[in-house]
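To start, the structure itself, in structure tokens.
Read-outs throughout are calculated quantities, based only on the coordinates presented, and are distinct from any laboratory measurement. Predicted, not measured: the structure shown is a model, and the values here were computed from it. Note: ideal-geometry Cβ built from the backbone for every residue, glycine included; neighbour counts use all protein chains shown.
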Amino acid sequence: MLELKDVKKSYGWKRALDGVSLTVAPGEIVGLFGENGAGKTTLMKCALGLLGFGGKVTLDGEPVTRRNIARLSFATCEHSFFPNLPAESHRDFYRAHFPKWRDKRYTALTEFFDLPRHTAAGRLSTGQQNQLEVILALCQGADYILMDEPFAGNDVFNREDFYKVFLGILEPEEAVLISTHLIAEVENFISRAVLIRGGKILGDTRVSDLEDRGETLLGYVKSSYGYRPGRVADALDRLSGEEDGQK
Amino acid sequence: MRGKLKLPVPPGRDSGMQLTNTALALGAVFLWSLGAPLDMHRSWQAVVRAAELGTRYTEPTLSGTLGTALYGFAGVALGMAVLAIRNYLSLREGSRADYLARRLPNRWERHIWCLAVPIVGALASAILAAALYFLYRGYFFYCRDAARAVIASL
């Protein structure tokens, strides 16, 4: 179990995480949703120990240290691969550093996505770079796979392929925490949705519970965020009114 | 060498180039330092010539003849510090590979990548500078003794 307890993080005066508590159980696929600046990325970086923070992050009750850090993997839209190394060298690198590296999965995924094996990662297209980033995170052999907007820049077909592949390859004990703005796309793929706003958890629900209530994930997110459907029409009315007044 | 995984530099960086550049820098400062023994030789020759002519002379000093000959090695050491910083920054060039480097099970790995060549370069520079100092010092006293022997025989 990956557990964050009362995690606090500030950037100067700005509080990015304000006492966030969250657990991710083995086998769960958790969607983390929130507007830009809500604290999604900060939360993941704190969980990985990439940022200093207040509070506690534990893995099966143990603090995250070098001894268990390999149980967490990370795919970020900023990309964490080495841009001068091709996919094949990344395989060698990961194999040398992560004892549970899943080589068969890596071969299958790179072949499925037709990823060039000998082109430097930095020279791949953005979509391919995202693919490599996600594939490396999936193949590291981690129990908890953290993904921060991993598909920003991939086309819709490619994303769909990924969701299907995800569901097909993940072992029952592998957990995924994925942050994305593509709420509707991941609705059928995640098991739980966590909403974050202003550094605080705003909502946490099972997708099956939403289905039981006849609610969509997007509807749940909108209502939790207090989204007003008439907001755009109101703004357009106001704008056109102002222009009429100027004439 | 592009694409070959080579330690101990950050993956994707060319360790061969870093070592070659360091060796070239050390070679250049070594050549520059050769001015010191030449100056020692000339200075003591001038002393002998002055003694032969009966004119006044002052004996050269070790620090005076050594001058800035060994300063280049300090420059190389400084360059190694810059190289270390560049190596760390390279993990943020084109991607955030530092995220991966910082979550490797071996906490020292990224420091080894970034510091190995600079430390070896700085050590080589210090050892070479010390060795040349003692060599040039010995040469200075050899020239002095030879010059004094000639002057005494006049």
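List of remarks:
- With the charge dipole of chain A set up from +1 on Lys and Arg Cβ and -1 on Asp and Glu Cβ about the Cα centre, the Cα lying farthest toward the positive end among the listed residues A:Ser240, A:Leu48, A:Thr107 is that of A:Leu48.
- Inter-chain Cβ neighbour average for residues A:191-202, partner chain, 10 Å: 0
- Scaled against 2.2 N^0.38 Å for its residue count N, the alpha carbon radius of gyration of the range A:2-246 is 1.10.
- Computed E for A:Ala25/B:Ala74 - FRET, C-beta separation, R0 45 angstrom, nearest 0.05: 0.20
- When the Gaussian network model of chain B links Cα atoms closer than 10 Å, the mean-square fluctuations of B:Val76, B:Val29, B:Val120 top out at B:Val120.
- GNM top mover of B:Arg92, B:Arg107, B:Arg56 - chain B, alpha-carbon springs below 10 Å: B:Arg56
- Taking every residue in B:90-97 and counting other chain Cβ atoms within 10 Å of its Cβ, the average works out to 6.
- Partner chain coverage, peptide A:82-91 - average Cβ within 10 angstrom: 6
- Computed helical MRE - 222 nm, chain A, DSSP H runs ≥ 4 contributing -39500 (n - 2.57), nearest 500: -11000 deg cm²/dmol
- Residues B:Val48, A:Val30, sorted so that the one with the fewest Cβ neighbours within 10 Å comes first: B:Val48, A:Val30
- Among B:Ser43, B:Ser33, B:Ser63, residue whose mean-square fluctuation peaks in a GNM of chain B (springs only between Cα atoms under 10 Å): B:Ser63
- The range A:128-211 - share of DSSP beta bridges that are antiparallel (%, nearest 5): 55 percent
- Degrees between helix A:87-97 axis and first principal axis of chain A (Cα, 0 to 90, nearest 10): 70 degrees
- Segment A:Lys56-A:Asp234, extension gain: residue separation times 0.36 nm, minus the distance between their alpha carbons: 59.7 nm
- Pairs beyond 21 Å (Cα-Cα), from A:Lys8/A:Lys200; A:Lys14/A:Lys200; A:Lys14/A:Lys222; A:Lys164/A:Lys200; A:Lys5/A:Lys45; A:Lys14/A:Lys40: A:Lys14/A:Lys222; A:Lys164/A:Lys200
- Listed residues B:Ile151, B:Pro10, B:Phe73: farthest to the positive end of the dipole of chain B (Cβ charges): B:Pro10
- Assuming charge only on the beta carbon of Lys and Arg (+1) and of Asp and Glu (-1), the dipole of the range A:1-157 about its Cα centre is about 500 debye to the nearest 20.
- Descending Cα extents along the principal axes, the range B:21-152, whole Å: 75, 23, 18
- The protein assembly as shown: antiparallel DSSP beta bridges as a percent of all, rounded to 5: 55 percent
- The label point for A:Lys14 and the one for B:Leu104, both projected 7 Å from the Cα toward the Cβ, are 3.2 nm apart.
- Cα-based helix-to-principal-axis angle, A:103-112 vs chain A, degrees rounded to 10: 50 degrees
- Simple Cβ-charge dipole of the protein assembly as shown, Lys/Arg +1 and Asp/Glu -1, about Cα centre, in debye nearest 20: 1800 debye
- Considering helices alone, the calculated mean residue ellipticity of chain B at 222 nm is -25000 deg cm²/dmol, with DSSP H runs of length four and up weighted by -39500 (n - 2.57) and normalised per residue.
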